[in-house]
Amino acid sequence: MSIRDLDWSSWLDRTSGEGTKWLLWGLDNMIWPIVVVTFVIFAILMPQVFTSASNIQFMLYSSAGLGALVLAESLCLLSGNFDLSIGSIAGFSSMVTALFLNTWFPGTPGLVGVVLILFIGGAIGFVNGVSIGYFGINPFLQTLAFFIIFRGAVFLLSTITVAPLPESYLFVGGALIGDLPGLGGADSLWIFGGIPIAVPLIIALYAGVWFIMNYRRIGLAIMAVGGDENAAEEAGIPRERVLLIVFTASGVLSGLAGLLYTGYLSAAPPGLAEGDLFPAFAGAVIGGISLDGGRGDIKNAFGGMFLLTMIQVGLVQVGVGGDAIQFINGLVLLVAIYLYTTESKIRHRLLST
């Protein structure tokens, strides 16, 4: 067969299809090249400090609480909704639990506090889910109201930091793997002994949610509801139940964020997670979670969260002041919005050709 006998139009169609597939994959995962470039920049500025294993571990450890909030917001966005109350839930649940353990019922085992803080977060999320899913309340109005109510409730409960708290309560957010029973203590020679428990916990949490979103019915249902509510209902997917699950999970994750923050700080300050709503949004959006719902990848949300933390830690280590960091974080969010808008336009053109 000569070269003239080849079906060039068919070959071009196949090649174009493969090219489009790879371009779409690149658009979906563009957070990781950004993470790499940012890491390289800070590594050049601080070669011996920023690239050390202890610094990378610190970044993961310090971002664990924010990571839980980013995950909570990502789930809501994937369902076609959002949750403005996640930071307030984290702060309120941590303050109530701290007062419960320190003031109201001193001597209560710390593990009771762990269950309590997750229950409080889940209960508030459950109310959000019922209101939005079953009563049709606008998610902006519902979660904005809870954002205000529970942020104010924190300061009604206490205007001072609550401490000390039981070690068994602070364990999840503050202890090391080497502190676990039977591992020989944090100073053991075991390679993972000095790693904070919060680090593998948050990684495992993202991995578990990623698996659920991609390989379990509830995950596919969340994506379907976020992509097209009417089509999802016609397919027999109960929208109300899905939103109830999503917002309850968001509340539990917000409670977990409060637990991680409290363990990290070894106390429960009234301002805990107060300014974390917008970084949580930014982490999800930078990670490619669609604001329109139904599209995004949990592993990329992890990348968005880590990018924000890496920028903040890197700027502090370089010597940039707090106000400048806030300004730069705003710029990062603005760039993320522009990238998201551009990515959506490119995706639309690729899929329409």
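The values are calculated or read from the model by the stated rules, or taken from the named source; none is laboratory data. Note that this is a predicted model, so its numbers are computed, not measured. Because the Cβ atoms are built from the backbone with ideal geometry, glycine has one as well, and the counts that use them run over all protein chains shown. The accessibility values were calculated without ligands, DNA or RNA, using every heavy atom of the protein model including side chains. Shrake-Rupley method; radii C 1.70, N 1.55, O 1.52, S 1.80 Å.
Using the Karplus curve 6.51 cos²θ - 1.76 cosθ + 1.60 with θ = phi - 60°, work out ³J(HN,Hα) for each residue of the range 236-242 in order, rounded to whole Hz, and write x for Gly and Pro.
Computed from phi, the couplings for the range 236-242 are x, 8, x, 4, 4, 5, 4 Hz.
At a Förster radius of 22 Å, what calculated FRET efficiency corresponds to the Cβ-Cβ distance of Leu331 and Asn29, to the nearest 0.05?
Working: r = 23 Å, r/R0 = 1.03.
My answer for the efficiency is 0.45.
Would you list Leu77, Leu176 from the most to the least accessible area, probe 1.4 Å? Walk me through the numbers before you get to the answer.
Details: Leu77 5, Leu176 50 Å².
In descending accessible area the options line up as Leu176, Leu77.
Dipole of the range 269-353, Cα-centred, from +1 at each Lys and Arg C-beta and -1 at each Asp and Glu C-beta, to the nearest 20 debye?
Details: 5 positive and 6 negative charges, 88 e Å.
Approximately 420 debye in magnitude.
Could you check the simple spin-label distance between Ala123 and Ala207, using points 7 Å along Cα→Cβ, in nm with one decimal?
Placing both labels 7 Å beyond Cα along the Cβ direction yields 3.4 nm.
For a quick size check, give me the Cα extents of the range 115-251 along its three principal axes, largest first, whole Å.
58, 43, 18
Spin-label point model (7 Å from Cα, Cβ direction): what's the Val115 to Phe135 distance in nm?
Calculated label separation equals 2.9 nm.
Sum -39500 (n - 2.57) across every DSSP H segment of at least 4 residues in the chain, then divide by the residue count to get the 222 nm mean residue ellipticity, nearest 500. Working shown, then result.
On the way: 15 runs with 246 residues, N = 353.
The per-residue figure over the chain is -23000 deg cm²/dmol.
Over the chain, what percent of the accessible surface lies on carbon and sulfur atoms, probe 1.4 Å? Could you put the intermediate results ahead of the total?
On the way: 11880 of 17220 Å².
With neighbouring chains kept in place, the figure for the chain is 69 percent.
Hey, can you grab everything whose amide H is under 5 Å from the amide H of Leu176? Only 5+ residues off in sequence or another chain; H modelled, so Pro and N-termini drop out.
Ile197
If you take the charge dipole of the chain about its Cα centre, with +1 on Lys and Arg Cβ and -1 on Asp and Glu Cβ, which of Phe146, Met223, Met95 is farthest toward its positive end?
Met223
To test your reading of the geometry: what angle, between 0 and 90 degrees and rounded to tens, separates the Cα axis of helix 110-129 from the longest principal axis of the chain?
50
Expressed in nm², what is the orientationally averaged projection area of the convex hull enclosing the Cα positions of the range 207-267? Don't skip to the end; give the middle numbers.
Working: hull surface 18.9 nm².
The Cα convex hull of the range 207-267, projected and averaged over all directions, gives 4.7 nm².
Charges only on Cβ, +1 for Lys and Arg, -1 for Asp and Glu: so what's the dipole of the chain about the Cα centre, in debye to the nearest 20?
Working: 13 positive and 21 negative charges, 22 e Å.
Its charge dipole is roughly 100 debye.
Around Ala145, under 13 Å between beta carbons, what's the net of Lys plus Arg minus Asp minus Glu among the other residues? Intermediate results must be reported in sequence, preceding the final value.
Details: positive: Arg151; negative: Asp83.
With Lys, Arg at +1 and Asp, Glu at -1, the neighbours total 0.
Just Ile197, Ile237, Ile44 to compare: in a GNM of the chain, with alpha carbon springs under 10 Å, which one fluctuates most?
Ile44
Roughly how big is the range 130-279's charge dipole about its Cα centre, with Cβ charges of +1 (Lys, Arg) and -1 (Asp, Glu), in debye to the nearest 20? Numbers along the way, then the final one.
Numbers: 5 positive and 10 negative charges, 29 e Å.
Using Cβ point charges on Lys, Arg, Asp and Glu, the range 130-279 gives about 140 debye.
Which ³J(HN,Hα) values, rounded to whole Hz and listed in residue order, are derived for the range 32-49 from phi using the Karplus coefficients 6.51, -1.76 and 1.60 in 6.51 cos²θ - 1.76 cosθ + 1.60 with θ = phi - 60°, glycine and proline given as x?
Those phi angles translate into 6, x, 5, 4, 5, 4, 4, 4, 5, 4, 5, 5, 5, 5, 9, x, 8, 9 Hz.
Provide the packing ranking of 82-93, 153-164, 200-211, i.e. peptides ordered by the mean count of other C-beta atoms within 10 Å per residue, highest first. Walk me through the numbers before you get to the answer.
Details: 82-93: 29.0, 153-164: 14.3, 200-211: 16.4.
Packing proxy ranking, top to bottom: 82-93, 200-211, 153-164.
Could you tell me which residue out of Leu156, Ile41, Gly110 lies farthest along the dipole of the chain toward its positive end? Charges go on the beta carbon: Lys and Arg +1, Asp and Glu -1, centred on the Cα centre.
Ile41
Sticking with the crude label model, points 7 Å out along Cα→Cβ, report the distance from Tyr215 to Asn230 in nm, one decimal please.
Modelled inter-label distance: 3.5 nm.
Relative to the compact-globule scaling 2.2 N^0.38 Å, provide the ratio for the alpha-carbon radius of gyration of the range 22-177.
Values: Rg = 19.6 Å, N = 156, 2.2 N^0.38 = 15.0 Å.
Its radius of gyration relative to the 2.2 N^0.38 Å reference: 1.31.
Rounded to a whole number, what is D in µm²/s for the chain from Stokes-Einstein with the Kirkwood radius over alpha-carbon pairs (25 °C, 0.890 mPa s)? Kindly include the intermediate steps, with their values, before the conclusion.
Working: Rh = 21.7 Å.
Calculated translational D: 113 µm²/s.
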